[in-house]
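Heads up, the thing below is written out as C-alpha coordinates.
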Amino acid sequence: LANNSQLRSKLKTDEVILKAAELLSQNQLVALPTETVYGLAANALSPKAVSKIFAAKGRPQDNPLIVHIADQAQLKELTAAKITAKTQALMDHFWPGPLTIIFPKSKKVPNLTSAGLETIAIRMPAHPLILAVIESSGLPLAAPSANTSGFPSPTQAEHVYHDLKGKIPLILDGGPCQVGVESTVVDLRSAQVKVLRPGGISRQEIADFLGEEVLLAADLKDDTAVAPGMKYRHYAPNKKLYTFNFEDKLFILKKALKKAESKKIAIISARNSKLDNYQLPTKNLKVLKVFSHQKPAELAQKLFALMRSLDADPEVEEIYIEELAAQGIGEAVMNRIQKAAAAEEYSQPGGGDN
Ligand code: TXA
Ligand code: MG
(Lines give C-alpha, C1' and ligand atoms only; values in the text may rest on other atoms or scores of the structure.)
(Ligands and ions follow the chains in the order given, each with its own letter.)
Protein backbone atom coordinates (compact mmCIF):
# COMPACT_ATOMS: atom_id res chain seq x y z
CA LEU A 1 0.00 0.00 0.00
CA ALA A 2 2.72 2.42 0.97
CA ASN A 3 4.28 2.05 -2.43
CA ASN A 4 1.02 2.64 -4.24
CA SER A 5 1.78 6.09 -5.64
CA GLN A 6 -1.68 6.46 -7.18
CA LEU A 7 -3.31 6.01 -3.77
CA ARG A 8 -0.79 8.38 -2.22
CA SER A 9 -1.43 11.16 -4.67
CA LYS A 10 -5.19 10.68 -4.32
CA LEU A 11 -4.93 10.84 -0.53
CA LYS A 12 -2.91 14.05 -0.72
CA THR A 13 -6.01 15.98 -1.75
CA ASP A 14 -8.35 14.19 0.69
CA GLU A 15 -10.18 16.60 3.00
CA VAL A 16 -9.06 14.87 6.20
CA ILE A 17 -5.43 14.69 5.08
CA LEU A 18 -5.53 18.39 4.22
CA LYS A 19 -6.99 19.16 7.64
CA ALA A 20 -4.20 17.15 9.32
CA ALA A 21 -1.56 18.96 7.25
CA GLU A 22 -3.08 22.32 8.11
CA LEU A 23 -3.07 21.59 11.86
CA LEU A 24 0.55 20.40 11.68
CA SER A 25 1.66 23.52 9.84
CA GLN A 26 0.01 25.54 12.64
CA ASN A 27 2.22 23.65 15.13
CA GLN A 28 -0.68 21.55 16.44
CA LEU A 29 -0.59 17.80 17.14
CA VAL A 30 -2.20 15.07 15.04
CA ALA A 31 -2.35 11.36 15.93
CA LEU A 32 -2.09 9.07 12.93
CA PRO A 33 -1.46 5.45 12.02
CA THR A 34 1.85 3.98 10.93
CA GLU A 35 2.45 0.32 10.07
CA THR A 36 3.92 -0.28 13.56
CA VAL A 37 1.83 1.68 16.09
CA TYR A 38 -0.10 4.97 16.09
CA GLY A 39 2.12 8.05 16.29
CA LEU A 40 1.54 11.46 17.87
CA ALA A 41 2.90 13.82 15.22
CA ALA A 42 4.19 17.39 15.26
CA ASN A 43 6.38 19.53 13.02
CA ALA A 44 9.85 18.17 13.91
CA LEU A 45 11.49 21.53 13.17
CA SER A 46 9.36 23.56 15.59
CA PRO A 47 10.28 23.52 19.31
CA LYS A 48 6.82 24.92 20.08
CA ALA A 49 5.10 22.05 18.27
CA VAL A 50 7.40 19.38 19.67
CA SER A 51 6.98 20.62 23.24
CA LYS A 52 3.26 19.87 22.91
CA ILE A 53 4.10 16.19 22.27
CA PHE A 54 5.99 15.94 25.56
CA ALA A 55 3.16 17.69 27.40
CA ALA A 56 0.32 15.58 25.92
CA LYS A 57 2.11 12.27 26.59
CA GLY A 58 3.66 13.21 29.92
CA ARG A 59 6.94 12.10 28.33
CA PRO A 60 10.30 12.67 30.08
CA GLN A 61 12.26 15.35 28.18
CA ASP A 62 15.41 13.21 28.05
CA ASN A 63 13.74 10.76 25.67
CA PRO A 64 14.38 11.76 22.03
CA LEU A 65 11.80 11.51 19.24
CA ILE A 66 11.85 9.72 15.88
CA VAL A 67 11.43 11.94 12.82
CA HIS A 68 9.29 10.56 10.00
CA ILE A 69 9.89 11.39 6.33
CA ALA A 70 8.20 10.44 3.05
CA ASP A 71 11.14 11.01 0.72
CA GLN A 72 14.89 10.53 1.15
CA ALA A 73 15.36 14.10 -0.13
CA GLN A 74 14.09 15.27 3.27
CA LEU A 75 17.25 13.88 4.91
CA LYS A 76 19.23 16.86 3.66
CA GLU A 77 17.83 19.38 6.11
CA LEU A 78 17.80 16.90 9.03
CA THR A 79 21.30 15.42 8.89
CA ALA A 80 24.71 17.04 8.95
CA ALA A 81 27.08 14.39 7.67
CA LYS A 82 27.39 12.58 4.35
CA ILE A 83 25.37 9.38 4.16
CA THR A 84 27.52 6.26 4.07
CA ALA A 85 27.08 3.50 1.49
CA LYS A 86 25.91 1.05 4.16
CA THR A 87 23.26 3.44 5.45
CA GLN A 88 22.13 4.18 1.91
CA ALA A 89 21.80 0.48 1.16
CA LEU A 90 19.72 -0.12 4.30
CA MET A 91 17.40 2.77 3.50
CA ASP A 92 16.94 1.64 -0.10
CA HIS A 93 16.14 -1.89 1.04
CA PHE A 94 14.02 -1.42 4.17
CA TRP A 95 12.27 1.94 3.59
CA PRO A 96 9.42 2.54 3.73
CA GLY A 97 9.26 0.21 6.71
CA PRO A 98 9.80 -0.27 10.46
CA LEU A 99 13.51 0.60 10.51
CA THR A 100 14.73 3.73 12.30
CA ILE A 101 18.30 4.88 11.64
CA ILE A 102 20.44 7.15 13.85
CA PHE A 103 22.07 10.06 11.96
CA PRO A 104 24.28 12.97 13.05
CA LYS A 105 21.80 15.81 13.42
CA SER A 106 21.80 19.11 11.52
CA LYS A 107 21.56 22.48 13.29
CA LYS A 108 18.06 22.90 11.91
CA VAL A 109 16.70 20.17 14.17
CA PRO A 110 15.71 21.65 17.56
CA ASN A 111 17.40 20.22 20.66
CA LEU A 112 13.98 19.39 22.05
CA THR A 113 13.37 16.92 19.20
CA SER A 114 16.66 15.09 19.82
CA ALA A 115 16.48 15.54 23.62
CA GLY A 116 19.82 17.36 23.50
CA LEU A 117 21.64 14.58 21.61
CA GLU A 118 23.89 15.33 18.64
CA THR A 119 22.06 12.61 16.74
CA ILE A 120 18.60 12.28 15.26
CA ALA A 121 16.55 9.12 14.70
CA ILE A 122 14.79 8.99 11.32
CA ARG A 123 12.49 6.57 9.54
CA MET A 124 10.22 6.38 6.51
CA PRO A 125 7.04 4.65 7.67
CA ALA A 126 5.08 2.25 5.44
CA HIS A 127 1.57 3.55 5.87
CA PRO A 128 -0.28 5.55 3.20
CA LEU A 129 -1.98 7.90 5.68
CA ILE A 130 1.13 9.23 7.41
CA LEU A 131 3.01 9.36 4.10
CA ALA A 132 0.20 11.42 2.57
CA VAL A 133 0.18 13.78 5.57
CA ILE A 134 3.96 14.27 5.34
CA GLU A 135 3.75 14.94 1.61
CA SER A 136 0.77 17.23 1.93
CA SER A 137 2.27 19.29 4.77
CA GLY A 138 5.81 19.20 3.39
CA LEU A 139 7.01 18.75 6.99
CA PRO A 140 9.24 16.14 8.62
CA LEU A 141 7.10 14.80 11.49
CA ALA A 142 8.41 14.02 14.95
CA ALA A 143 6.19 11.23 16.27
CA PRO A 144 6.50 9.04 19.33
CA SER A 145 3.91 6.36 19.98
CA ALA A 146 0.58 8.08 20.69
CA ASN A 147 0.04 6.65 24.17
CA THR A 148 0.29 8.27 27.56
CA SER A 149 3.87 7.62 28.73
CA GLY A 150 4.10 4.29 30.53
CA PHE A 151 1.04 2.77 28.82
CA PRO A 152 1.19 0.15 26.06
CA SER A 153 1.66 1.68 22.59
CA PRO A 154 -1.61 2.22 20.70
CA THR A 155 -2.29 -0.12 17.80
CA GLN A 156 -5.85 1.11 17.20
CA ALA A 157 -7.32 4.62 16.98
CA GLU A 158 -9.51 3.75 20.02
CA HIS A 159 -6.37 3.31 22.14
CA VAL A 160 -5.23 6.81 21.21
CA TYR A 161 -8.65 8.20 22.04
CA HIS A 162 -8.60 6.45 25.41
CA ASP A 163 -5.25 7.99 26.37
CA LEU A 164 -5.33 11.43 24.74
CA LYS A 165 -8.97 12.52 24.35
CA GLY A 166 -9.36 16.21 25.07
CA LYS A 167 -5.62 16.78 24.65
CA ILE A 168 -5.26 16.73 20.86
CA PRO A 169 -7.43 18.15 18.06
CA LEU A 170 -7.38 15.23 15.58
CA ILE A 171 -6.94 11.45 15.39
CA LEU A 172 -6.81 9.78 11.97
CA ASP A 173 -8.28 6.27 12.12
CA GLY A 174 -6.53 3.83 9.80
CA GLY A 175 -7.75 0.65 11.51
CA PRO A 176 -5.49 -1.74 13.43
CA CYS A 177 -1.74 -1.49 12.77
CA GLN A 178 -0.19 -4.30 10.73
CA VAL A 179 3.07 -4.80 12.62
CA GLY A 180 1.99 -4.03 16.17
CA VAL A 181 5.39 -3.42 17.77
CA GLU A 182 7.50 -0.30 17.21
CA SER A 183 10.28 0.12 14.67
CA THR A 184 13.77 -1.32 15.08
CA VAL A 185 16.26 1.42 16.02
CA VAL A 186 19.66 0.79 14.45
CA ASP A 187 22.97 2.59 14.92
CA LEU A 188 25.47 2.39 12.04
CA ARG A 189 27.89 5.02 13.29
CA SER A 190 30.61 2.65 14.44
CA ALA A 191 32.19 -0.35 12.72
CA GLN A 192 29.90 -2.73 14.61
CA VAL A 193 26.21 -2.40 13.62
CA LYS A 194 23.99 -2.23 16.72
CA VAL A 195 20.28 -2.54 17.32
CA LEU A 196 19.37 -0.05 20.07
CA ARG A 197 15.75 -1.21 20.25
CA PRO A 198 14.50 -4.47 18.71
CA GLY A 199 11.37 -3.96 16.62
CA GLY A 200 9.41 -4.68 13.47
CA ILE A 201 12.44 -5.62 11.37
CA SER A 202 14.43 -8.40 12.96
CA ARG A 203 18.13 -8.28 13.72
CA GLN A 204 18.53 -11.38 11.55
CA GLU A 205 16.98 -9.66 8.53
CA ILE A 206 19.42 -6.76 8.87
CA ALA A 207 22.37 -9.11 9.41
CA ASP A 208 21.39 -11.23 6.39
CA PHE A 209 21.04 -8.15 4.21
CA LEU A 210 24.37 -6.60 5.28
CA GLY A 211 26.20 -9.92 5.41
CA GLU A 212 27.61 -9.11 8.84
CA GLU A 213 26.84 -9.61 12.50
CA VAL A 214 24.40 -7.16 14.11
CA LEU A 215 24.65 -6.75 17.88
CA LEU A 216 21.88 -6.07 20.36
CA ALA A 217 22.91 -3.02 22.41
CA ALA A 218 21.19 -4.38 25.52
CA ASP A 219 23.63 -7.33 25.43
CA LEU A 220 26.65 -5.02 25.58
CA LYS A 221 28.20 -3.86 28.85
CA ASP A 222 28.07 -0.25 27.68
CA ASP A 223 24.84 1.24 29.06
CA THR A 224 25.08 4.33 26.89
CA ALA A 225 24.64 2.16 23.81
CA VAL A 226 20.91 1.48 24.23
CA ALA A 227 18.17 3.89 23.15
CA PRO A 228 17.43 6.38 25.95
CA GLY A 229 13.79 5.30 25.97
CA MET A 230 14.68 1.69 26.78
CA LYS A 231 15.40 2.49 30.40
CA TYR A 232 11.78 3.30 31.15
CA ARG A 233 9.32 0.63 32.21
CA HIS A 234 7.22 0.94 29.07
CA TYR A 235 4.34 -1.08 27.82
CA ALA A 236 3.09 -1.83 31.29
CA PRO A 237 -0.41 -2.95 32.13
CA ASN A 238 -1.54 -2.08 35.66
CA LYS A 239 -2.23 -5.70 36.57
CA LYS A 240 0.57 -8.07 37.48
CA LEU A 241 2.01 -9.77 34.42
CA TYR A 242 4.16 -12.90 34.47
CA THR A 243 5.77 -15.01 31.79
CA PHE A 244 6.10 -18.79 31.83
CA ASN A 245 7.47 -21.55 29.68
CA PHE A 246 7.53 -25.34 29.88
CA GLU A 247 11.22 -25.53 30.78
CA ASP A 248 12.71 -23.39 33.55
CA LYS A 249 9.56 -21.35 34.19
CA LEU A 250 7.01 -24.14 34.41
CA PHE A 251 6.68 -23.49 38.15
CA ILE A 252 5.15 -20.09 37.34
CA LEU A 253 2.41 -21.72 35.30
CA LYS A 254 1.79 -24.22 38.08
CA LYS A 255 1.48 -21.40 40.61
CA ALA A 256 -0.97 -19.62 38.33
CA LEU A 257 -3.17 -22.70 38.02
CA LYS A 258 -3.16 -23.04 41.79
CA LYS A 259 -3.91 -19.36 42.29
CA ALA A 260 -7.01 -19.75 40.12
CA GLU A 261 -8.68 -21.31 43.17
CA SER A 262 -8.98 -17.82 44.61
CA LYS A 263 -7.98 -15.35 41.86
CA LYS A 264 -9.12 -14.55 38.35
CA ILE A 265 -6.31 -15.49 35.98
CA ALA A 266 -5.83 -14.87 32.24
CA ILE A 267 -3.34 -16.95 30.28
CA ILE A 268 -2.15 -15.89 26.84
CA SER A 269 -0.83 -19.00 25.16
CA ALA A 270 0.01 -20.46 21.80
CA ARG A 271 -2.34 -22.66 19.84
CA ASN A 272 -1.02 -26.21 20.19
CA SER A 273 0.66 -25.17 23.41
CA LYS A 274 1.86 -27.78 25.89
CA LEU A 275 -0.79 -26.17 28.08
CA ASP A 276 -3.17 -28.57 26.32
CA ASN A 277 -1.58 -31.40 28.35
CA TYR A 278 -2.67 -29.85 31.64
CA GLN A 279 -5.84 -30.29 33.62
CA LEU A 280 -7.11 -26.71 33.74
CA PRO A 281 -9.33 -25.23 36.47
CA THR A 282 -12.88 -24.74 35.22
CA LYS A 283 -13.47 -21.43 36.96
CA ASN A 284 -11.48 -18.20 37.37
CA LEU A 285 -9.43 -18.99 34.29
CA LYS A 286 -9.50 -17.36 30.88
CA VAL A 287 -7.22 -18.93 28.25
CA LEU A 288 -6.54 -16.91 25.12
CA LYS A 289 -4.85 -18.99 22.44
CA VAL A 290 -3.86 -16.16 20.15
CA PHE A 291 -0.61 -17.03 18.40
CA SER A 292 1.46 -19.83 17.02
CA HIS A 293 5.11 -20.45 17.85
CA GLN A 294 5.73 -20.68 14.11
CA LYS A 295 4.32 -17.17 13.59
CA PRO A 296 5.55 -14.77 16.31
CA ALA A 297 4.33 -11.88 14.10
CA GLU A 298 0.79 -12.82 15.15
CA LEU A 299 1.54 -12.07 18.78
CA ALA A 300 3.42 -8.90 17.79
CA GLN A 301 0.31 -7.60 16.09
CA LYS A 302 -2.03 -8.33 19.01
CA LEU A 303 0.17 -7.89 22.08
CA PHE A 304 -0.50 -4.27 23.04
CA ALA A 305 -4.25 -4.52 22.35
CA LEU A 306 -4.37 -7.65 24.53
CA MET A 307 -2.57 -5.88 27.37
CA ARG A 308 -5.04 -3.03 27.19
CA SER A 309 -8.15 -5.20 27.02
CA LEU A 310 -7.03 -7.55 29.82
CA ASP A 311 -6.12 -4.55 31.93
CA ALA A 312 -9.65 -3.22 31.55
CA ASP A 313 -11.34 -6.62 32.07
CA PRO A 314 -12.94 -6.92 35.54
CA GLU A 315 -12.86 -10.72 35.12
CA VAL A 316 -9.04 -10.69 35.18
CA GLU A 317 -6.74 -10.02 38.14
CA GLU A 318 -3.40 -11.39 36.90
CA ILE A 319 -2.00 -12.03 33.42
CA TYR A 320 0.32 -14.88 32.37
CA ILE A 321 1.97 -15.10 28.95
CA GLU A 322 3.62 -18.13 27.39
CA GLU A 323 7.13 -17.16 26.28
CA LEU A 324 8.17 -17.48 22.67
CA ALA A 325 11.62 -17.82 21.14
CA ALA A 326 13.45 -14.47 21.04
CA GLN A 327 14.18 -14.90 17.35
CA GLY A 328 13.04 -12.94 14.33
CA ILE A 329 10.30 -10.56 15.41
CA GLY A 330 10.05 -12.74 18.55
CA GLU A 331 13.03 -10.77 19.87
CA ALA A 332 10.99 -7.54 19.87
CA VAL A 333 7.90 -9.29 21.27
CA MET A 334 9.85 -10.82 24.17
CA ASN A 335 11.55 -7.46 24.80
CA ARG A 336 8.14 -5.74 25.18
CA ILE A 337 6.73 -8.56 27.33
CA GLN A 338 9.76 -8.54 29.61
CA LYS A 339 9.50 -4.79 30.04
CA ALA A 340 5.86 -5.09 31.01
CA ALA A 341 6.67 -7.92 33.42
CA ALA A 342 9.99 -6.58 34.68
CA ALA A 343 8.91 -5.32 38.06
CA GLU A 344 6.96 -8.45 38.81
CA GLU A 345 9.28 -11.37 38.02
CA TYR A 346 9.05 -14.36 40.31
CA SER A 347 12.33 -15.71 41.57
CA GLN A 348 12.85 -19.41 41.14
CA PRO A 349 11.98 -21.05 44.46
CA GLY A 350 14.63 -23.18 46.16
CA GLY A 351 14.25 -26.89 45.57
CA GLY A 352 13.51 -26.40 41.90
CA ASP A 353 9.74 -26.82 42.04
CA ASN A 354 9.24 -27.14 38.31
O1 TXA B 1 7.51 2.46 15.28
C2 TXA B 1 7.92 3.47 15.85
O3 TXA B 1 9.12 3.73 15.94
C4 TXA B 1 6.86 4.41 16.44
C5 TXA B 1 6.04 4.98 15.28
C6 TXA B 1 5.08 6.03 15.75
O7 TXA B 1 6.89 5.45 14.30
N8 TXA B 1 7.48 5.44 17.20
C9 TXA B 1 8.06 5.19 18.40
O10 TXA B 1 8.57 6.33 19.01
O11 TXA B 1 8.12 4.10 18.91
P12 TXA B 1 8.93 6.38 20.56
O13 TXA B 1 9.21 7.81 20.82
O14 TXA B 1 7.86 5.76 21.34
O15 TXA B 1 10.28 5.60 20.68
C16 TXA B 1 11.47 6.14 20.14
C17 TXA B 1 12.66 5.34 20.59
C18 TXA B 1 12.98 5.59 22.04
O19 TXA B 1 13.42 4.38 22.66
C20 TXA B 1 14.11 6.61 21.93
O21 TXA B 1 14.93 6.62 23.08
C22 TXA B 1 14.84 6.13 20.69
O23 TXA B 1 13.81 5.73 19.82
N24 TXA B 1 15.59 7.25 20.07
C25 TXA B 1 15.12 8.35 19.48
N26 TXA B 1 16.11 9.16 19.07
C27 TXA B 1 17.27 8.55 19.39
C28 TXA B 1 18.65 8.88 19.24
N29 TXA B 1 19.04 10.01 18.66
N30 TXA B 1 19.57 8.00 19.71
C31 TXA B 1 19.18 6.84 20.30
N32 TXA B 1 17.88 6.47 20.48
C33 TXA B 1 16.94 7.31 20.02
MG1 MG C 1 6.76 4.82 22.83
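The values are calculated or read from the model by the stated rules, or taken from the named source; none is laboratory data. Every value quoted in this text rests on a predicted model; they were computed, and no experiment measured them. Virtual Cβ from ideal backbone geometry, glycine too; neighbours counted across all protein chains shown. In case anyone asks, the SASA skips ligands and DNA or RNA and just uses the protein heavy atoms, side chains included. Shrake-Rupley method; radii C 1.70, N 1.55, O 1.52, S 1.80 Å.
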Exercise. Does A81 meet the test of being in contact with a Phe, Trp or Tyr (Cβ under 8 Å, 6 or more places away or on another chain), open to solvent by 10 Å² or more (accessible area, probe 1.4 Å) and away from ligand 2 (no atom under 16 Å from the Cβ)?
Worked result: yes
Exercise. Failed condition for A266, given (1) under 23 Å from the mean Cα position of the chain (by Cα); (2) closer than 26 Å to P176 by Cβ, with all others met?
Worked result: (1)
Problem set entry | Selection from the stretch 1-18 of residues that are touching a Leu at 6+ places or on another chain (Cβ under 7 Å), at pLDDT 95 or above and open to solvent by 10 Å² or more (accessible area, probe 1.4 Å) | V16
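For the stretch 135-146, indicate whether the set of residues that are within 16 Å of ligand 2 (Cβ to nearest atom), among the hydrophobic types (A, V, I, L, M, F, W, C) and in contact with a Phe, Trp or Tyr (Cβ under 6 Å, 6 or more places away or on another chain) is non-empty.
Yes, the stretch 135-146 contains a residue that is within 16 Å of ligand 2 (Cβ to nearest atom), among the hydrophobic types (A, V, I, L, M, F, W, C) and in contact with a Phe, Trp or Tyr (Cβ under 6 Å, 6 or more places away or on another chain).
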For this session: Give me the pairs, please: first residue somewhere in the stretch 94-120 and open to solvent by 30 Å² or more (accessible area, probe 1.4 Å), second residue anywhere and aromatic (F, W, Y), beta-carbon distance under 9 Å, and either six or more positions apart or on two chains.
Result: L112/F54
Problem set entry | Inter-residue pairs, beta-carbon under 6 Å, first touching a residue at least 12 places away in the same chain (Cβ under 8 Å) and in the stretch 76-92, second open to solvent by 60 Å² or more (accessible area, probe 1.4 Å), 6+ apart | E77/K108
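Quick grid of which residues meet (1) under 31 Å from the mean Cα position of the chain (by Cα); (2) modelled with pLDDT under 95; (3) closer than 24 Å to S153 by Cα:
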residue	(1), (2), (3)
K239	yes, yes, yes
T243	yes, no, yes
E247	yes, no, no
L285	yes, no, no
P296	yes, no, yes
